[in-house]
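Engineer: What follows is a single structure, and I will ask about it in a moment.
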Amino acid sequence: MDTATPAVTVALHDGTSVIASSGQVDARRHGELLLPAVDRVLAEAGTKLDAVTGVVVGVGPGPYTGLRVGLVTAATFGSALSVPVHGVCTLDGIAYAAGQDGLEGPFVVATDARRKEVYWARYENARTRTGEPAVDRPADIAEAVAGLPVVGAGAVLYPESFPDRRGPEHVAAGALAALAAERLAAGQELPAPQPLYLRRPDAQVPKNYKVVTPK
Amino acid sequence: MAADEPLVLGIETSCDETGVGIVRGTTLLADAVASSVDTHARFGGVVPEIASRAHLEAMVPTIERALKEAGVSARDLDGIAVTSGPGLAGALLVGVSAAKAYAYALGKPLYGVNHLASHICVDQLEHGPLPEPTMALLVSGGHSSLLLAPDITADVRPLGATIDDAAGEAFDKIARVLNLGFPGGPVIDRLAKEGDPKAIAFPRGLTGPRDAPYDFSFSGLKTSVARWIEAKRAAGEEVPVRDVAASFQEAVVDVLTRKAVRACKDEGVDHLMIGGGVAANSRLRALAQERCERAGIRLRVPRPKLCTDNGAMVAALGAEMVARNRLPSDLELSADSSLPVTEPHVPGTAHAHAHSHDHDHVHEISKDNLYS
Ligand SMILES: [Zn+2]
């Protein structure tokens, strides 16, 4: 599952292929949409959650409120079911999906980081990221990535900085799961499900920092 | 403790404490809390994003700690309760998401409950079943309200609330003016013990004959105290910190207890419950005791650890929901930062239960979004 971007996406993968999946795009309702989507995907596959032997979750980077929904859900599933929980960089999932669509490297993946910035990373090919994900203003990196195809919502939002736009726009949990399954089958370790925030928290105390009883 | 009483796990993440409690009926089995208060201290208040990040880190370890402490298996739970509001939206969302995932994975009913009603219900763990109706005074950094609860699971009525600052917020602000750090409650309580509560006559907000009888206002008091301190400093005089703390605290607890006792008398209620973080204040407890005794009212105040935000209070209300057969919430349950106090819990729509496979998503559209 992945909630690091406006997409709330869930898929069930059996190690070979995606059995069922769900993708909804709604940047403000991750919390409401995720569990019903899990339920729907399992129902479509004709199985129950306790049949799952591992959980893979997108660790971002992504806007924090939504990102945490997927991470805490995955961690709780892991605890309740006593199964391992693996993290996968959300940008890696998008890159992998671009590769499934036929895109060959090198290319860039960029997603919406809000505040007129993008989360982005460079890829040698669909399976190989070069360097750590970063957060920047599109104009500030346009020159550095000039000539490279750009995948993801960042390219949709900032065509002047990223003219060579390629699909897909959003992350799909099926691609995330397939990538994780491939790496696990190859004996690779997947990172812990820790969030990639990439920004320090805004350390501002709101004026009325806690809600008072409505009258 | 009867084995047939509901065994419920409660999750609370409305502010800066990640709380997970486990109760069986009205018996407390575990109360695990992870607090991020130290991280917030240097900012002088709770920073929402820092709180949310801390909740994510602490959530699963705190659930596991609570289960271990209670010596029960998650499989034996009769329900999962969670604070769905009011509180900080992003913080609530971590707890609500965890509770939904836990309930779903274990196949248990889910109860999204109201934070304020939970603060009242927690007293069942200390003093047994709540009388009906219960009169409650809730005072903390986030709330100051007088509530009348004929049925804590279904009928909670607000009689009055603060029109500006919460009582606990006033403590924090005065502590800041006096350079005493955050949070302000405990340090002011301690210093006030060595000061004279009558040294300075600070104003009692909203206590005039024409003022709303059960509403509170602490903003004027806060300004008045700050001005008094600044005047002393401007005159080059030493600020009598202990006397200021004692006189300020007296003004707050005088108004709180006076209004609460009056509400009990007006409504013919012979019990008063006091909850919320400020209920840990020793002077509030003492004055409330004195005034309740004089008025023939029985005072119920839980131990301080149950007054501050915790998961046990959520579990206590969840257990009551199970015991009274209240409708569980559904998987679409939202975090509602402004959940009205009149809604003790958030029942699901009747057609969608926890394991329905034919969700009708129409009702989702009408729900308010609560991220903003
Ligand atoms: Zn509270």
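The values are calculated or read from the model by the stated rules, or taken from the named source; none is laboratory data. This one's a predicted model, so the numbers in the text were calculated from it and none came from an experiment. Please note: Cβ atoms are built from the backbone with ideal geometry, for glycine as well, and neighbour counts cover all protein chains shown.
Engineer: Check off (1) farther than 22 Å from B:Ser329 by Cα; (2) out of contact with any Pro (no Cβ under 8 Å at 6 or more places or on another chain) for A:Val25 and give me the number that stays unchecked.
Structural biologist: Going through (1) farther than 22 Å from B:Ser329 by Cα; (2) out of contact with any Pro (no Cβ under 8 Å at 6 or more places or on another chain) one by one, A:Val25 breaks only (2).
Engineer: Further question on the same structure: Output the helices (runs of 4 or more DSSP H) that fall wholly within the stretch B:123-213 and possess 1 or more residues being over 15 Å from B:Ser247 (Cβ atoms) and away from chain A (no Cβ under 13 Å), or say none. Walk me through it before giving the result.
Structural biologist: Values: elements: B:123-127, B:167-177, B:185-192.
Passing ranges, in order: B:123-127, B:185-192.
Engineer: Looking only at the stretch B:131-150, which residues are more than 14 Å from the ligand (Cβ to nearest atom) and either in contact (Cβ under 8 Å) with a residue 24 or more places away in the chain or aliphatic (A, V, I, L, M) (or both)?
Structural biologist: Across the stretch B:131-150, the qualifying residues are B:Pro131, B:Pro133, B:Thr134, B:Met135, B:Leu146, B:Leu148, B:Ala149.
Engineer: In the list B:Ala66, B:Ala81, which residue meets the criterion of being more than 10 Å from chain A (Cβ to nearest Cβ), surrounded by 24 or more Cβ atoms within 10 Å (Cβ to Cβ) and in contact with a Phe, Trp or Tyr (Cβ under 9 Å, 6 or more places away or on another chain)?
Structural biologist: Details: B:Ala66 fails: in contact with a Phe, Trp or Tyr (Cβ under 9 Å, 6 or more places away or on another chain).
Testing whether each residue is more than 10 Å from chain A (Cβ to nearest Cβ), surrounded by 24 or more Cβ atoms within 10 Å (Cβ to Cβ) and in contact with a Phe, Trp or Tyr (Cβ under 9 Å, 6 or more places away or on another chain) leaves just B:Ala81.
Engineer: Further, regarding this structure: Suppose we filter B:His119, B:His55 for residues that are closer than 28 Å to A:Leu81 by Cβ, more than 7 Å from every other protein chain (Cβ to nearest Cβ), within 16 Å of the ligand (Cβ to nearest atom) and modelled with pLDDT of 95 or more; which single one remains? Quick ask: steps written out before the conclusion?
Structural biologist: Numbers: B:His119 fails: closer than 28 Å to A:Leu81 by Cβ.
Answer to the selection: B:His55.
Yes or no, residue by residue, for (1) outside any loop (DSSP other than H, G, I, E, B); (2) closer than 17 Å to A:Ser79 by Cβ; (3) among the aromatic types (Phe, Trp, Tyr):
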position	(1), (2), (3)
B:Glu5	no, no, no
B:Val20	yes, yes, no
B:Gly45	no, no, no
B:Lys100	yes, yes, no
B:Val113	yes, no, no
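Engineer: On the given criteria, is A:Val56 crowded, with 24+ Cβ neighbours inside 10 Å and of a type in the set (A, V, I, L, M, F, W, C)?
Structural biologist: Values: crowded, with 24+ Cβ neighbours inside 10 Å: yes; of a type in the set (A, V, I, L, M, F, W, C): yes.
Taking the combined requirement at face value, the residue satisfies it.
Engineer: Only one of B:Ile11, B:Ile50 is of a type in the set (Val, Ile, Thr) and more than 16 Å from the ligand (Cβ to nearest atom). Can you tell me which?
Structural biologist: Values: B:Ile11 fails: more than 16 Å from the ligand (Cβ to nearest atom).
On inspection, the qualifying residue turns out to be B:Ile50.
Engineer: Suppose we filter B:Val47, B:Val82 for residues that are touching a residue at least 60 places away in the same chain (Cβ under 8 Å), under 28 Å from B:Pro340 (Cα atoms) and β-branched (Val, Ile, Thr); which single one remains?
Structural biologist: From the options B:Val47, B:Val82, the qualifying one is B:Val82.
Engineer: Please determine whether any residue of the stretch B:88-99 is within 16 Å of the ligand (Cβ to nearest atom) and surrounded by fewer than 24 Cβ atoms within 10 Å (Cβ to Cβ).
Structural biologist: Scanning the stretch B:88-99 turns up at least one residue that is within 16 Å of the ligand (Cβ to nearest atom) and surrounded by fewer than 24 Cβ atoms within 10 Å (Cβ to Cβ).
Engineer: Residues to consider are B:Ala323, B:Ala319, B:Ala335, B:Ala295; find the one that is surrounded by 24 or more Cβ atoms within 10 Å (Cβ to Cβ), more than 14 Å from every other protein chain (Cβ to nearest Cβ) and among the aliphatic types (A, V, I, L, M).
Structural biologist: Details: B:Ala323 fails: surrounded by 24 or more Cβ atoms within 10 Å (Cβ to Cβ); B:Ala335 fails: more than 14 Å from every other protein chain (Cβ to nearest Cβ); B:Ala295 fails: surrounded by 24 or more Cβ atoms within 10 Å (Cβ to Cβ).
Unique residue meeting the criteria: B:Ala319.
Engineer: Quickly run through the stretch B:304-330 and pick out the residues that are away from the ligand (no atom under 15 Å from the Cβ) and either in contact with a His (Cβ under 8 Å, 6 or more places away or on another chain) or at positive phi (or both).
Structural biologist: Of everything in the stretch B:304-330, those that are away from the ligand (no atom under 15 Å from the Cβ) and either in contact with a His (Cβ under 8 Å, 6 or more places away or on another chain) or at positive phi (or both) turn out to be B:Met321, B:Asn325, B:Arg326, B:Pro328, B:Ser329, B:Asp330.
Engineer: Given the criterion within 11 Å of another protein chain (Cβ to nearest Cβ) and on the phi > 0 side of the Ramachandran plot, identify the matching residue among B:Gly90, B:Gly44.
Structural biologist: Details: B:Gly90 fails: on the phi > 0 side of the Ramachandran plot.
So the residue among B:Gly90, B:Gly44 that is within 11 Å of another protein chain (Cβ to nearest Cβ) and on the phi > 0 side of the Ramachandran plot is B:Gly44.
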